[in-house]
């Protein structure tokens, strides 16, 4: 019963701290909404010009295929010397150059075009090249089919599972939720322990019947409850209701997974508390641990795009397993039989981390 009273005390202290309460509520609501809607990984309104030496029906027709909201055609240029000037002044994402014999070569089943891309924004330039290349290839195949009646067209139809419209908010919303949980797991327990040290309560507890271990355990349980409540609010209110992201899996299983991830990461929070003297150091050290965890998880950079040594290091990031299992439950609707491996890996990684953090905090206090 004493332990439950301690947990209740920690929850009340959190609720009475209006600044911290509002900060946590914002992270679980506004921050996730902004991250999901404020960033779009698809191509939108990419400005481009065309240098058309052919000036044929076919050349104008192919330009007309690049339509809003993906493209924004700004007009024609008349001199190749203008290409570098337009790209240098960021007036265009790309410039398409159509040679003077374009229509004739098209009738001979040849396609000859040139793209000049603004490499200052590599991501947008890459998307522009990909979108444009796909549209022009489809146009070419259609024309070839018309020119040659016996041409057998290959009908390719893509079917995207789980996210039919390939909306980036599916990934960005969930990714931000996982990042928020990681940040709070690192900060909240450590901040709660440091607050007790700043107020001189640790010395009083040492001469009281209450043990330090029981107090720390109560803090960890209270912070876990707070994060799980915030996660529940975020999934149902923001992801499901506001962003219309389908939650296909069992939410209870997702909360169990989240609790396992909290346990895995709390060892680092205890270590942060053991080497920090004030709240400023807690926040600085939390960011220091947070950045490599996020980078190695694959939430910022795809696993396949990392150097080989970093690909190996991703297996040391607990967030990697949480991400993979979380997406599998929320987006794909998979059950325990598909995610038990990730939960096991988090536990195997979290147990030594928790023992490590507990050892240091006991030694410090």
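The values are calculated or read from the model by the stated rules, or taken from the named source; none is laboratory data. Here the structure is a predicted model, which means the values were calculated and not measured. Ideal geometry is used to build each Cβ from the backbone, glycine not excepted, and the neighbour counts take in all protein chains shown.
Quick look at the numbers
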| read-out | value |
| --- | --- |
| Selection count where residues are in a helix (DSSP H, G or I) and surrounded by 13 or more Cβ atoms within 10 Å (Cβ to Cβ), scope region 76-96 | 4 |
| Residue 152 vs. criteria modelled with pLDDT under 85 and either more than 40 Å from the chain's Cα centre (by Cα) or at positive phi (or both) | yes |
| Odd one out for residue 69 among (1) over 23 Å from residue 171 (Cβ atoms); (2) within 36 Å of the chain's Cα centre (by Cα); (3) part of a loop (DSSP other than H, G, I, E, B) | (1) |
| Some residue of region 32-45 being without any contact (Cβ under 8 Å) to a residue 24 or more places away in the chain and under 30 Å from residue 241 (Cβ atoms) | yes |
| Wholly enclosed helices (runs of 4 or more DSSP H) of region 247-365 bearing at least 3 residues surrounded by 21 or more Cβ atoms within 10 Å (Cβ to Cβ) | 251-275, 279-297, 318-330, 336-364 |
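Quick grid of which residues meet (1) in a helix (DSSP H, G or I); (2) in contact with a helix residue (DSSP H, G or I) (Cβ under 7 Å, 6 or more places away or on another chain):
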| position | (1), (2) |
| --- | --- |
| 19 | yes, no |
| 33 | yes, yes |
| 40 | no, yes |
| 43 | no, yes |
| 47 | no, no |
| 50 | no, yes |
| 54 | no, yes |
| 58 | yes, yes |
| 61 | yes, no |
